[in-house]
Amino acid sequence: MQQSNRYIILFSLSLTIVLALLLAGVSQGLGPLQKKAQDLDTKKQILGAIPSEKEALADMEAEQILARYEEVISSVVSDFQGNLVDTNEKGGPMVAEEVNIEKNYKKSVEDRMFPVFKYNANGQEAYIIPTFGAGLWDAIWGFVALTPDLKSVIGISLDHKGETPGLGARITTDEIQARYQQKDLYDTNGEFVSISMVKGEKTPESMLGPNKVDGMAGATLTANGVNDMLLNYIGYYQKYFDKQVRGKALTMNNQ
Amino acid sequence: MSTETIEAPVAKESESLLSKRRKKFVTDPLNDDNPVTVQVLGICSALAVTTQMKPTMVMAMSVIFVLIFSNLIISLMRNAIPGRVRIIVQLAVVATLVTLVNEVLKAYAFDIYKQLSVFIGLIITNCIVMGRLEAFALGNKPYDSVLDGLGSGLGYSWIILAVAFFRELWGSGKVFGYDLMGAIGFENFAANGLMVSPVGAFIVLGFIIWVQRSKTGYVEH
């Protein structure tokens with residue numbers, strides 16, 4: 001069956017238009033729902049950095065999660081120098097949840113905005129900070145919950161865009177994230193060293209020490225990405241911590 | 001039209017929905033004409049997602065879904081598609097279909113979307129999808145094409161699940177995340193790092209092809 005060029009061009013054109021309209025329509029139509037789902041997911045990840053909250057999240061409905069978030073999380077936004085920022089670029093109030101970490105990541109470090117989420121429930125307090133970096137294939141990000149003295153990690157939630165399922169994508173599993181709990185960000189000399197994931201899996205705890213976590217077999221490059229991301233971002237927040245936390249008495253929710 | 005397109009024997013009007021001829025569309029790809037082990041298609045995804053059973057299961061179900069629906073759509077359009085641009089038409093339909101599913105999941109089932117979105121690229125570029133469109137759906141009726149898609153999808157699925165079973169078992173001592181080796185008494189099972197790397201998939205796949213061909217007597221010409 002040999003068609004004329006005219007038919008082929010018309011067919012291709014109409015197929016392109018139909019498919020493009022279909023995709024654009026669906027994307028537009030579902031946009032608000034997708035944004036809602038995305039916001040909920042981000043809040044789940046922020047809460048999920050606290051291990052006890054993460055357990056509770058599994059049985060909660062969307063509204064309950066949002067209510068819980070309102071109840072226990074308060075947030076501020078800081079600039080690179082550690083000064084609090086109240087207004088966004090458009091002059092409206094700055095909302096930490098609306099700071100797009102991915103977009104900020106593309107700016108130079110000095111120009112980025114740094115949201116801080118403060119957790120306070122049942123007498124437990126934590127600073128939860130967002131992190132963003134590059135995995136093996138695409139973006140990786142996460143939220144790290146730090147103890148009020150900022151020296152160690154309470155918990156972590158990690159996520160990714162396109163790491164290999166079963167390898168790098170394992171960073172989203174509880175098994176991997178639990179390895180970061182109670183690890184220290186400072187070495188015995190008091191130097192900031194962050195927490196790094198080692199190469200290879202099933203390393204005995206005695207060989208890891210307080211600043212290292214067990215690795216993921218076959219996903220060392222993703223692990224390196226996570227290491228860089230944590231080192232960089234927790235490092236970026238040090239100015240905020242120096243100015244707003246360490247310099248002041250610990251009055252977390254008064255700001 | 002492709003010269004390789006098979007024209008299946010013309011069906012009689014009163015053919016039952018599951019006649020012998022139609023059953024063969026589903027059963028052939030399971031063994032004698034398996035897309036992975038005999039046609040050697042879809043190897044890249046068979047390597048990429050088979051380190052653990054769980055993501056493999058997700059991939060298997062997604063591929064079955066996409067195969068069935070892309071076969072159906074292309075088969076419905078088969079008389080209108082110009083032969084000279086058929087490949088790009090197939091690609092456009094498959095990519096649109098997968099993207100649509102992804103968008104809907106993102107709105108209504110965000111957790112599943114997060115799991116599946118990494119597979120999107122792997123599904124669109126899976127040679128089996130294009131292979132079945134080219135070899136079957138372009139020359140056959142919609143219902144037969146659906147059966148063919150189901151058969152090829154199942155044939156692909158059992159192979160990658162088998163590969164994943166051995167890779168997860170030897171690579172980390174687990175099956176579906178359950179510590180099987182520990183449960184049957186190998187407390188200190190030493191995981192084999194080779195199985196976690198793509199090379200492990202080649203080796204397991206090689207063994208499966210070996211066993212299968214020595215049983216069916218299939219020889220490459």
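What follows is calculated from the coordinates using simple rules that are stated; it is not laboratory data. Not measured: the values here are computed from a predicted model. Please note: Cβ atoms are built from the backbone with ideal geometry, for glycine as well, and neighbour counts cover all protein chains shown.
Tabulated data for the structure shown
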quantity: Gain on full stretching of the segment that runs from B:TYR218 to B:ASP179 - 0.36 nm per residue minus C-alpha separation; calculated: 10.4 nm
quantity: Mean projection area, nm², convex hull over Cα of the stretch B:108-189; calculated: 7.9 nm²
quantity: Residue exposure sequence - B:HIS221, A:HIS160 - by fewest surrounding Cβ within 10 Å; calculated: B:HIS221, A:HIS160
quantity: Hits among lysines - C-alpha to C-alpha of A:LYS106 under 26 Å, sequence gap 8 or more where chains match; calculated: A:LYS35, A:LYS36, A:LYS43, A:LYS44, A:LYS90, A:LYS118, A:LYS161, A:LYS239, A:LYS243, B:LYS106, B:LYS114
quantity: Folded to 0 to 90 degrees: helix B:86-108 orientation relative to chain B principal axis, Cα; calculated: 60 degrees
quantity: Chain A: angle of helix A:62-72 to the longest principal axis, Cα-based, in degrees nearest 10; calculated: 30 degrees
quantity: Hydrodynamic radius (Kirkwood) for the stretch B:16-92, which is based on Cα pairs only, to one decimal in Å; calculated: 14.8 Å
quantity: Antiparallel bridge percentage (DSSP; both residues within the protein assembly as shown; nearest 5); calculated: 95 percent
quantity: Descending Cα extents along the principal axes, the stretch A:140-214, whole Å; calculated: 38, 27, 17
quantity: Global geometry of the stretch B:49-180, whether rounded, prolate or oblate, following the gyration tensor of its Cα atoms and the 1.5 cut on a/c; calculated: prolate
quantity: Trypsin sites (Lys or Arg not before Pro) within the stretch A:11-105: DSSP coil, no more than 16 neighbouring Cβ in 10 Å; calculated: A:LYS90
quantity: Sequence of A:LEU30, A:LEU21, B:LEU194 once ranked by neighbouring C-beta atoms within 10 Å, starting from the fewest; calculated: A:LEU21, B:LEU194, A:LEU30
quantity: Amide H partners (placed H, <5 Å) of B:PHE176, local residues excluded; calculated: B:MET53, B:LYS54
quantity: Stretch in chain B that is longest and holds no GluC sites (Glu not before Pro) that DSSP places in a loop and that have at most 14 other beta carbons within 10 Å; calculated: B:16-186
quantity: Rh (Kirkwood; distinct C-alpha pairs) - chain B, Å; calculated: 18.6 Å
quantity: Tail fraction, Cα-Cα pairs, the stretch A:101-153, threshold 16 Å, whole percent; calculated: 53 percent
quantity: Most mobile listed residue (A:ASN120, A:ASN189, A:ASN100) in chain A, GNM with C-alpha springs under 10 Å; calculated: A:ASN189
quantity: Residue-wise HN-Hα coupling along the stretch A:95-108, computed from phi with Karplus coefficients 6.51, -1.76, 1.60 (Hz; x: Gly, Pro); calculated: 10, 4, 5, 8, 6, 7, 5, 5, 5, 5, 4, 7, 7, 6
quantity: Range of Cα positions in the protein assembly as shown per principal axis (Å), largest first; calculated: 86, 59, 37
quantity: Debye intensity ratio in log₁₀ form over the Cα atoms of chain A, taken at each q of 0.08, 0.09 Å⁻¹; calculated: -0.38, -0.47
quantity: Square roots of five times the Cα gyration tensor eigenvalues for the stretch A:15-154, Å; calculated: 29, 21, 15
quantity: Scattering profile of the stretch A:94-203 at q = 0.11, 0.12, 0.18, 0.21 Å⁻¹ [log10 I(q)/I(0), Debye over alpha-carbon scatterers]; calculated: -0.41, -0.49, -1.10, -1.35
quantity: Sites B:SER117 and A:LYS151 - FRET efficiency at Förster radius 51 Å, r taken between beta-carbons, to 0.05; calculated: 0.90
quantity: 10 Å Cβ shell holding at most 11 others, DSSP loop, GluC sites (Glu not before Pro): longest site-free stretch of chain A; calculated: A:90-190
quantity: Qualifying chymotrypsin sites (Phe, Trp or Tyr not before Pro) in the stretch B:179-221, DSSP loop, other Cβ atoms within 10 Å at most 12; calculated: B:PHE186
quantity: Alpha-carbon centroid distance for the pair the stretch A:39-73 / the stretch A:153-209, whole angstrom; calculated: 22 Å
quantity: Inter-chain shielding of A:37-46 (mean C-beta neighbours from other protein chains, 10 Å cut-off); calculated: 2
quantity: Helix A:5-48 axis, angle to chain A major axis (alpha carbon atoms, nearest 10°); calculated: 20 degrees
